[in-house]
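Step one of this worksheet: look at the structure below.
The values are calculated or read from the model by the stated rules, or taken from the named source; none is laboratory data. Keep in mind that this is a model prediction, so the values were computed, not measured. Glycine also receives a Cβ, built like all others from the backbone with ideal geometry; neighbour counts cover every protein chain displayed. Protein only, heavy atoms only, side chains kept; ligands, DNA and RNA dropped before computing areas. Shrake-Rupley method; radii C 1.70, N 1.55, O 1.52, S 1.80 Å.
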Amino acid sequence: MTQVRNKQVLLRDHVTGFPKESDMNIVESTITLKLPQGSNHVLLKNLYLSCDPYMRNLMSKPEGSPNSRAYTPGSPLTGYGVSKVLESGHPNYKEGDLVWGFTNWEEYSLLSSAQILFKIEHTDVPLTYYTGILGMCSVISTYTVFE
């Protein structure tokens, strides 16, 4: 089993005002690049991460009714991203697939398949487009079709 360095972006503390570099902390951990036996999770190499306006609200200290998606100080930020499948225990994804979904702000992530929103089929455009118009808007239009 190969252990590799895994840089992560952590929220240092809840943010007040505009977020600044000192509100984040870049740390190195390690991750094993092998799925646990019998796992149906997906091991990903994150390629591009999206920084979206909604994330700012998740950085604030929750007031009133708690937001289940609010960031916890000391934990990696989460958001949408483009990733490459390194190993999969789920039949819908195989090594080398490019996917878009909800991931941690880190180099490598081990996720449940439910966090992957779709497989990227169209690679004739820059993958960075999926962090913008081809990412979140594609999911919104997908949900609209099924309402």
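With contacts taken as Cα pairs under 8 Å and at least 6 residues apart, the chain reaches a relative contact order of 25 percent. Within the stretch 10-30, whose backbone N sits under 13 Å from a point 7 Å along Cα→Cβ of Gln3? Hits in the stretch 10-30 for Gln3 at 13 Å: 29-30. Between Thr123 and Leu33, the FRET efficiency from the beta-carbon distance, with R0 = 25 Å, is close to 0.60.
Could you order Val99, Val9 by accessible surface area, starting with the largest, using a probe radius of 1.4 Å? Please report the intermediate quantities before stating the final value.
On the way: Val99 5, Val9 35 Å².
Result, largest first: Val9, Val99.
Heads up, I need the accessible area for Arg5: 1.4 angstrom probe, whole protein in place, Å², nearest 10. Near enough 120 Å² of accessible area. Given a 1.4 Å probe and the protein chains as shown, Thr72 ends up with an accessible area of around 80 Å².
For the chain, just say rounded, prolate or oblate: build the C-alpha gyration tensor, square-root its eigenvalues into a ≥ b ≥ c, call rounded for a/c under 1.5, and beyond that prolate if a/b exceeds b/c, oblate if not. If you can, show how the numbers build up before the last one.
Working: a/c = 1.76, a/b = 1.21, b/c = 1.46.
Oblate, since a/c reaches 1.5 and b/c is not below a/b.
Bridging of Lys94 to aspartates and glutamates at a Cα separation below 14 Å is possible for Glu121, once same-chain residues fewer than 8 apart are set aside. Taking the alpha-carbon distance from Lys7 and a cut-off under 16 Å, which lysines remain once sequence neighbours fewer than 8 residues away in the same chain are dropped? Partners within reach: Lys45.
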